[in-house]
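Beneath this line is the structure, given in structure tokens, with notes to follow.
The values are calculated or read from the model by the stated rules, or taken from the named source; none is laboratory data. This one's a predicted model, so the numbers in the text were calculated from it and none came from an experiment. All Cβ positions, glycine included, derive from the backbone under ideal geometry; neighbour counts span all protein chains shown. All accessible areas refer to the heavy atoms of the entire protein, side chains included, with ligands and DNA or RNA removed. Shrake-Rupley method; radii C 1.70, N 1.55, O 1.52, S 1.80 Å.
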Amino acid sequence: MSESTTSLAGRARPARPQAVLGVLRRERISPHTVRITAGGPGFGALRMNEFTDKYAKIIFADPSLGLTPPYDLAALRASLPPGRQPVTRTYTLRRADEQRQQVEIDFVVHGDEGIAAPWAARAEPGDTLTMSGAGGAYRPDPDSDWHLLAGDESALPAICSALDALPGDTRGIAYLETCDPGEYLDAAVPSGIEVSWLHRPHPGGQPQPLADALRAGSWLPGRVDVFAHGERESMKAVRAALKVRLGEGDRLSLSGYWASGRTEDVFQSEKRQPVGQI
């Protein structure tokens, strides 16, 4: 099936192109992280951008339906019951190689919970990965005096991409929260970036570690460029901690990538309600 044109508020809007890629490799890069490398000629449907937090919407369809991507999502949502409709999950692209037409996406895996992570844990070369994108909004500001990066496993791909984009003499601080026992950082860290690891037993259960670290940690002089993303309640606490430290001219990129105890569908719908606002 091919994508159709849908109407929103009386205005026709073309559906987003879908990139249909083949899985090339699956790697376990940390105890709870699986990296999927996928590619192929369908890569051209991904509209690349210059942002280090570029992301894509991965589309999962019920295998029992026997559908062949790209999917006509509007038709499927109109014809299928809610429990059998395709679902989307948002993931940051750790790397996108336009020359080789490949992407790398890191999935945090905790057992068989969810849709995307269990798929990634079992993916084999030749499996199909369908996505649309890429979105994004952040790239490190080269005119800032220093950089502050803070996030959990969900933000680690974007943080690593930001670290890769920074010059080798960049000054800054990175607070990285994880439930992995080790300290796995797949990035070239500038010599002037101080990295602090914050360990907790389970993702999402403790919203304060990043905020507490920001309150107690050092604060460098000059104009700061902040990238802070992760679990929603954690980011609310981070925003409160930063409120008393940020000054005029400082730059802030902050949002929730997910919410503890919520599926992405519920999380996205709650963004329009008071409970989901940061």
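Taking Cα atoms only, the orientation of helix 232-243 departs from the longest principal axis of the chain by about 30 degrees.
Label separation (D212 vs E98): 4.4 nm, computed from points 7 Å beyond Cα along the C-beta direction. Between L185 and V244, the FRET efficiency from the beta-carbon distance, with R0 = 35 Å, is close to 0.75. By the helix-only formula, in which each DSSP H run with n ≥ 4 contributes -39500 (n - 2.57) and the sum is divided by residues, the chain has a 222 nm mean residue ellipticity of -5000 deg cm²/dmol. About its Cα centre, the dipole of segment 140-278 is roughly 600 debye, where the only charges are +1 on Lys and Arg Cβ and -1 on Asp and Glu Cβ. If Lys and Arg each add +1 and Asp and Glu each add -1, what is the summed charge of the other residues whose beta carbon sits under 12 Å from the beta carbon of R251? In short, -4. What a 1.4 Å probe finds exposed on the chain is 50% carbon and sulfur by accessible area, rounded to a whole percent.
With each label modelled as a point 7 angstrom along the Cα→C-beta vector, the L65-A137 pair spans 3.0 nm.
Once the 1.4 Å probe is applied to the protein heavy atoms, the chain comes out at 48 Å² accessible per residue. Solvent-accessible surface of protein heavy atoms, probed at 1.4 angstrom with all chains present, puts T90, T170 in the order T90, T170, largest first. Using a Gaussian network model of the chain with C-alpha springs under 10 Å, which one of L65, L166, L46 is most mobile by mean-square fluctuation? Taking springs between Cα atoms under 10 Å, the residue moving most is L65.
Both radii are taken from the alpha-carbon atoms of segment 181-245; with Rh as the Kirkwood radius, Rg/Rh is 0.96.
Go ahead and collect, in residue order, the members of segment 18-41 whose backbone nitrogen is under 20 Å from a label point 7 Å along the Cα-Cβ direction of H199. Counting backbone N atoms under 20 Å from the label point, the list is 29-34. Under a GNM of the chain (C-alpha, springs under 10 Å), which listed residue has the highest mean-square fluctuation: F227, F107, F51? With Cα springs under 10 Å in the chain, the top fluctuation among F227, F107, F51 is at F51. In order along segment 15-25, phi translates into HN-Hα couplings of 5, 5, x, 10, 8, 9, 10, x, 5, 9, 8 Hz, rounded to whole numbers, per the Karplus curve 6.51 cos²θ - 1.76 cosθ + 1.60 with θ = phi - 60° and x for Gly and Pro.
Each other residue within a Cβ distance under 13 Å of R215 adds +1 if Lys or Arg and -1 if Asp or Glu, for a net charge of +2.
The DSSP beta bridges internal to the chain are antiparallel in roughly 60% of cases. Each of S260 and N49 was given a label point 7 Å from its Cα along the Cα-to-Cβ line. The distance between the two points is 3.0 nm.
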